[in-house]
1. Condition first: open to solvent by 70 Å² or more (accessible area, probe 1.4 Å), in a helix (DSSP H, G or I), at pLDDT below 80 and among the charged types (D, E, K, R). Can you find one or more residues in segment A:12-21 that meet it?
2. Helices (runs of 4 or more DSSP H) wholly in segment B:1-117 with at least 3 residues that are of a type in the set (D, E, K, R) and out of contact with any Ser or Thr (no Cβ under 8 Å at 6 or more places or on another chain) - which ones?
3. Of all residues in segment A:24-62, count the ones that are of a type in the set (A, V, I, L, M) and at pLDDT 80 or above.
4. Taking the stated definitions as given, is A:A161 more than 60 Å from the chain's Cα centre (by Cα), more than 7 Å from every other protein chain (Cβ to nearest Cβ) and of a type in the set (A, V, I, L, M, F, W, C)?
5. For segment B:93-124, which residues satisfy the criterion of being within 11 Å of chain A (Cβ to nearest Cβ) and among the charged types (D, E, K, R)?
6. In segment B:140-165, what count of residues is obtained for those that are surrounded by fewer than 21 Cβ atoms within 10 Å (Cβ to Cβ), at negative phi and not aliphatic (A, V, I, L, M)?
7. Considering only residues that are under 23 Å from A:N181 (Cβ atoms) and more than 7 Å from chain A (Cβ to nearest Cβ), which ones fall in segment B:159-169?
8. Report, by residue number, each residue of segment A:178-202 that is at the interface with another protein chain (Cβ under 7 Å from one of its Cβ atoms) and either open to solvent by less than 60 Å² (accessible area, probe 1.4 Å) or among the hydroxyl-bearing types (S, T, Y) (or both).
Amino acid sequence: MGLAFFGDTIMRKFPFLFGALVAMAVLAFSVSPALAEGTGYSPAQWRDFFWRAINFVVFVGLLFFLLRKPVGAFFRGRRDNIARTIEYLETQTKNLEEQNEVMRRQLSELTSEREAILAQYERDGARERDRIVAEAQKTADLIIQRTEAAMAQELVVARRALATETGELAVKLATELIANNIQPEDQSRLNHEFMERVIRLPARH
Amino acid sequence: MRGVLAKRYAQALFSIGLDDQAHEAYGQELAGFWASLKAAGQIGQVLSSQAYPKEVRSQALEAILAQAKLARVVGDFLRLLLLKGRFGFLEAIVQAYQKLLDDKNGLIRGTVTTAGPLDDSQLAALKSALGAYIGRRVEVTVKSDPAIIGGVVAQLGDLVLDGSLRAKLNRLGRLLGTT
């Protein structure tokens, strides 16, 4: 019964194969010595060949019949699996693209933020630089002022010291000169001048 | 402190002298006693020193007073000084008394310093000029000091009139030093 079902199925689903089988069977039964003459093979060899060929075809058909569903199911499953994988990968790709977009946006924002921070730093740096420069300038001005004041003071002191020294020297020379040359009549004249001055003074009482 | 106390003691004796109309005599006796004591040397130190017993100093003073024949008031004054332990102030008291006496007599004493000699006529003229200026009779001690180079320096009490060449040169030096 199975064989009949198998033959029926082959005859319905694979008419070409069935036709080939029948043709080869007919050829196997009809190989005659005259047909085989001049080929170099005997009729028995030709029949053996045809039977082997029928056997091979039947074997192939059996394999196809038996393995068709599981192999098909395997490949279908594999195809579905691959499709799912592709779908998963597409989803992942999409997610990653979205993430990539987000990160790119964030990166862009970071870039702008970084630029803002850098700009702020630059502004702060410029302000700090200006402050330091102004402070240094102020300090330098102060130092210059103090130095100038100190120089002026030193100049005054030196000038005063020089004048004092000059005065002392002049007085010393004058003293020596007068002391060496003063005469009694000079003394008398000086005494008289003193008395004249006292006389000219307004009375104290 | 010493000057203030000396002045008070002198003032006290001078007041009594005025009452007795003997302030000139008391002044002369006090000054003479001090001059004698100073000339005697060690005895003055004995009377002034607290190291000697008061009795010893008192006996010594009495012995001197017996020889000196001073007015009773002056003798009592000296005894009081010894009693109060102020005998060491005697020199300052004499000077203070002399000042009181000079003030009373319209006299001021001072010093005139010159570089060269001052003859009598010049001295008289100078005293006259100073007296006219200060309004009192002037008695001066004349000193010679070549350091003043020339001119006169007169000191009358707290008043100093410096007409010396040294002062003029010093003023000139200060003037040159400030220019």
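1. Yes, that holds for at least one residue.
2. On the way: elements: B:2-20, B:23-40, B:42-48, B:54-68, B:72-83, B:90-105.
Filter on segment B:1-117 gives B:2-20, B:23-40, B:54-68, B:90-105.
3. Filtering segment A:24-62 down to residues of a type in the set (A, V, I, L, M) leaves A:24-28, A:31, A:34-36, A:44, A:53-54, A:57-58, A:60, A:62.
Among the residues that remain, those that are also at pLDDT 80 or above are: A:44, A:53-54, A:57-58, A:60, A:62.
Adding up the residues that qualify gives 7.
4. Working: more than 60 Å from the chain's Cα centre (by Cα): yes; more than 7 Å from every other protein chain (Cβ to nearest Cβ): yes; of a type in the set (A, V, I, L, M, F, W, C): yes.
Against the criterion (more than 60 Å from the chain's Cα centre (by Cα), more than 7 Å from every other protein chain (Cβ to nearest Cβ) and of a type in the set (A, V, I, L, M, F, W, C)), A:A161 qualifies.
5. Listed by number, the list holds a single entry, B:D119.
6. 8
7. Pass one, segment B:159-169, residues under 23 Å from A:N181 (Cβ atoms): B:162-169.
Scanning segment B:159-169 gives B:D162, B:S164, B:R166, B:A167, B:K168.
8. A:I178, A:A179, A:I182, A:D186, A:Q187, A:L190, A:N191, A:F194, A:M195, A:V198
The values are calculated or read from the model by the stated rules, or taken from the named source; none is laboratory data. A quick note: this is a predicted structure, and the numbers were derived from the prediction, not measured. So basically every Cβ, Gly included, is an ideal-geometry build from the backbone, and we count neighbours across all protein chains shown. Areas reflect the complete protein model, heavy atoms only, side chains present, ligands, DNA and RNA absent. Shrake-Rupley method; radii C 1.70, N 1.55, O 1.52, S 1.80 Å.
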